[in-house]
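The values are calculated or read from the model by the stated rules, or taken from the named source; none is laboratory data. What you see is a predicted model; the values in this text were computed from it and never measured. Virtual Cβ from ideal backbone geometry, glycine too; neighbours counted across all protein chains shown. Areas reflect the complete protein model, heavy atoms only, side chains present, ligands, DNA and RNA absent. Shrake-Rupley method; radii C 1.70, N 1.55, O 1.52, S 1.80 Å.
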Amino acid sequence: MAGCAGVSRLIYVRHLRLFAGVCRHRCFRNSYLSRALSTGVKEKVSSNTSNLGRGLTSTLLAYFGFELYSNITQSPAACDSDKDDIIEQADYLYGSGETIKLYQLLIQYKDSENAELLWRLARASRDLAQLSSTSADNKKKLIYEALAYAKKSLDKEPNFAAHKWYAICISDVGDYEGTKAKIANAYVIKEHFQKAIELNPKDATSIHLMGLWCFTFAEMPWYQQKIASMLFATPPTSTYEEALAYFIKAEEVDPNFYSKNLLMLGKTYLKLKSQKMALLWLTKAKDHPAYTEEDKQVQKEAVELLKTLGVKI
């Protein structure tokens, strides 16, 4: 390789490929429209993921990864023809939960024309915004920047990930623009989630998000229904049955991929008065390994719901 590729890249990529198999899903947090969608979604980094070695990946990343990619990416313009390696590095950092380092890597390419880099930058900006250490002002700034990167990615190449992250970022911005704006964007968000599913029917996260959309509108309070009726000739509506179908489909595509999906199955069955099935899925959510802060919150909510059903924990 020439230019910025060099020996450092060769060393990095060898370590990257050697240990990539231990990468795992991560979550994004606080999704859309209502607190029912204040959620996270686990997303595949590769087709072959495993729970094994989450601590190992972080250690290896700290030892091999960040120092090397820092050297590799000091001159982004010179590396313009080597975006595949940057994407590989980004996916490694994402799978290892290195939110800040991932953002530091990708922000160097904010002016890129590469759609794959741009939607990953949107995701990284959003993830950084959700960290507890991020100030309120910086969080808002990052959320709006994430939307801009997602929009640019979608304009460049409307693939499933661009559609998905554009919809997610629109919903996040709605948190700053009020209930009316959230509802006004409802059909746009739905359209992009549906397009993401159409382009990649094996992406469990997009299916899960569509289920959340349905769940939110199924339980929309009366005052929001009134706002919706003023904005649309046909206001957005849904049912718990529709939400359930998406959550079940997401689980079929990728079993146990995400603790929130297990929780939402339990909550939806509760809405449908199916206590037996609710117990089953809430127990699964409670027992799901807690890799992230969101997983811990899911466990807590599942325990609280199980207690209301008379389960002693």
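Quick notes
- Residues satisfying the stated conditions in region 125-139, i.e. within 13 Å of ILE168 (Cα to Cα) and either assigned to a loop (DSSP other than H, G, I, E, B) or in contact with a Ser or Thr (Cβ under 6 Å, 6 or more places away or on another chain) (or both): ASP127
- Qualifying residue in region 264-272 (condition: out of contact with any Ser or Thr (no Cβ under 7 Å at 6 or more places or on another chain) and closer than 26 Å to TRP119 by Cα): no
- Looking only at residues of region 279-298 that are aliphatic (A, V, I, L, M) and either touching a residue at least 40 places away in the same chain (Cβ under 8 Å) or surrounded by fewer than 18 Cβ atoms within 10 Å (Cβ to Cβ) (or both), we find that the one that is farthest from ASP127 (Cα to Cα) is LEU280.
- Within region 83-108, the set of residues being open to solvent by 50 Å² or more (accessible area, probe 1.4 Å) and either within 17 Å of ALA122 (Cβ to Cβ) or at pLDDT below 85 (or both) comprises ILE100, GLN104, GLN108.
- Condition broken by ASP80, with the remaining ones in (1) of a type outside the set (Phe, Trp, Tyr); (2) at pLDDT 95 or above; (3) open to solvent by 10 Å² or more (accessible area, probe 1.4 Å); (4) assigned to a helix (DSSP H, G or I) satisfied: (2)
- When LYS180 is tested against (1) closer than 30 Å to GLU113 by Cβ; (2) part of a helix (DSSP H, G or I), only condition (1) is not met.
- Selection count, region 244-294, where residues are modelled with pLDDT of 95 or more, of a type outside the set (Ser, Thr, Tyr) and over 23 Å from GLN194 (Cα atoms): 18
- All of (1) in a helix (DSSP H, G or I); (2) farther than 24 Å from LEU121 by Cβ hold for HIS163 with one exception: (2).
- Apart from one condition, THR179 fits all of (1) modelled with pLDDT of 95 or more; (2) open to solvent by 30 Å² or more (accessible area, probe 1.4 Å); the exception is (1).
- Of all residues assigned to region 136-144, at least one qualifies as being open to solvent by less than 20 Å² (accessible area, probe 1.4 Å) and under 14 Å from the mean Cα position of the chain (by Cα).
- Subset of region 256-273 (residues that are open to solvent by 10 Å² or more (accessible area, probe 1.4 Å), under 18 Å from THR216 (Cβ atoms) and without any contact (Cβ under 8 Å) to a residue 40 or more places away in the chain): TYR269, LEU270, LEU272
- Of the criteria (1) loosely packed, with under 15 Cβ neighbours inside 10 Å; (2) in contact with a helix residue (DSSP H, G or I) (Cβ under 7 Å, 6 or more places away or on another chain); (3) farther than 28 Å from SER125 by Cα, which one LYS276 fails: (2)
- Here TYR149, TYR109, TYR176 are screened, and the one residue that is over 23 Å from GLN89 (Cα atoms) and without any contact (Cβ under 8 Å) to a residue 60 or more places away in the chain is TYR176.
- Odd one out for ASP111, checked against (1) open to solvent by less than 50 Å² (accessible area, probe 1.4 Å); (2) over 27 Å from GLU293 (Cβ atoms): (1)
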